[in-house]
1. List the trypsin sites (Lys or Arg not before Pro) in the range 318-389 that DSSP assigns to loop (not H, G, I, E or B) and whose Cβ has at most 10 other Cβ atoms within 10 Å. Which are they?
2. Enumerate by residue number the GluC sites (Glu not before Pro) in the range 335-389 meeting two conditions: DSSP loop (anything except H, G, I, E, B), and at most 15 other Cβ atoms within 10 Å of the site's Cβ.
3. With a 1.4 Å probe and all protein chains left in place, how much of the accessible area of the chain comes from carbon and sulfur atoms, in whole percent?
4. Sorted by accessible area (1.4 Å probe), largest first, how do SER178, SER84 line up?
5. Calculate the length of the line joining the C-alpha centroid of the range 320-389 to that of the range 54-70, in whole Å.
6. Given 0.36 nm per residue, what is the gain on full extension from GLU261 to ASP85 after removing their alpha carbon distance, in nm?
7. Could you tell me which trypsin sites (Lys or Arg not before Pro) in the range 181-278 are loop residues by DSSP with no more than 11 other beta carbons within 10 angstrom of their beta carbon?
8. So what is the relative contact order for the chain, in percent, with contacts set as C-alpha pairs under 8 Å and at least six apart?
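The values are calculated or read from the model by the stated rules, or taken from the named source; none is laboratory data. Computed from a predicted structure; not experimentally measured. In this analysis, Cβ positions are derived from the backbone assuming ideal geometry, glycine residues included, and neighbour counts consider all displayed protein chains. Ligands, DNA and RNA are excluded from the accessible area calculation, which covers all protein heavy atoms including side chains. Shrake-Rupley method; radii C 1.70, N 1.55, O 1.52, S 1.80 Å.
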Amino acid sequence: MFNKTLIKVFGQKETPFYYYDLALLDKTLRAAVLAAAPFSFHVHYAMKANFNERVLHHIQQAGVGADCVSGNEVLAALKAGFSSDKIVFAGVGKADKEIIAALEQDIFSFNVESVQELEIINGLAAGLGKTARIALRINPNVDAHTHHYITTGLDENKFGIKVWELNECLEVIIRSPSLRLSGIHFHIGSQITDLNVFKSLCVKVNELNNWFSERGHHLDVLNVGGGLGVNYHNPDGDQIPDFEGYFAIFNQFLDRKPGQEVHFELGRALVAQSASLISRVLYVKNGLKKNFLVLDAGMTELMRPALYQAYHKIERADQDAIVPTDAQVSYDIVGPICESTDCFGKEVALPITKRGDLIAIRTTGAYGEVMASHYNLRDEIRYVYSEEL
Ligand SMILES: Cc1ncc(COP(=O)(O)O)c(C=O)c1O
């Protein structure tokens, strides 16, 4: 929770704003890098989770690579200081101009998502006199046991190349002089908390790794994507994800062939706990069936609850000032946006709360600020960084 000094600072700021705890971010990054080191695993940061410049700077300083899903993310990664040989570029619909920009920067690898994309990258690379290093993003049909909106590795998902298309991929690669197959790539979903899921992924990766070597293709890289989940229910008690357990599974169950590198693309696990969205109560509406707290933050600042029914812990930001005996009231916590889905939480138990009280929506460092919009012509997002206080 927040200490008294911080609560005082929050009280003086215009709300809503994202509060970034950059010391916690650094601690999380250190934990991830340390846990990966014994196995010589290569960690990339999935920039889609948060490309706030200050956040990116801290991540780049930690020495990890960048995983991008658009040409602009590639350029932002370079601007933040990530070296091009640590940048990978995934995405089911890369536009020609994005491919060209990434080729011009000689990025480490394109994670290719379809047979047709192979042909397009080959043509564009040939035009520029370049060779594109590629990894095939394969859809392994492994159930991530997470919310269906953030599951990506099943046959019904749009992502990746299906296993039965691999022969055709190899034919295209063999006749494409401007492509060099460097690896295979997987990303089966996000907010995965059952680590057994990653064992199932390893089994599939091993099968496919063998499939390629039986056909005479040695792969340099096995990229197993991201997806490690965080504890949205207990942000203070469980600040740092179990990176050690996570990497240990891959070390134990992945059969690396000599010289093969293993790459990861972690997003949420690196940044989620480092931010809270701080908001003020504008109105309290006590109804017959429901009590509502109407905040000055809405789905325009934090879209996850409206987009995929995501849970975030919601607290009074001045929790410390609250006497444990204070009566609890059940509130639906909503935003000011003209949409019924603009709701952060239903039946949330809070002490009696009044206009002007500060509310913290926790664990919003990933897929928070980056999904903000101007819908309803809302203000630009505001930030407060711990290192400025
Ligand atoms: C290709 C790819 N890699 C990595 C990630 C990062 O996932 P996470 O934030 O769950 O670690 C994503 C996010 O969905 C992704 O699409």
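1. The qualifying sites are LYS354.
2. Details: sites: GLU339, GLU347, GLU369, GLU380, GLU387, GLU388; in loops: GLU339, GLU380.
Of the GluC sites (Glu not before Pro), the ones in loops of the range 335-389 whose Cβ has at most 15 other Cβ atoms within 10 Å are GLU339, GLU380.
3. Working: 8550 of 16880 Å².
Exposed carbon and sulfur together represent 51 percent of the surface.
4. On the way: SER178 15, SER84 35 Å².
So, going from the largest accessible area down, we get SER84, SER178.
5. 27 Å
6. Working: separation 176, 0.36 × 176 = 63.36 nm, distance 1.40 nm.
Gain on extension, GLU261 to ASP85, equals 62.0 nm.
7. Values: sites: LYS199, LYS204, ARG215, ARG256, ARG268; in loops: ARG215, ARG256.
Of the trypsin sites (Lys or Arg not before Pro), the ones in loops of the range 181-278 whose Cβ has at most 11 other Cβ atoms within 10 Å are ARG215.
8. Relative contact order comes out at 21 percent.
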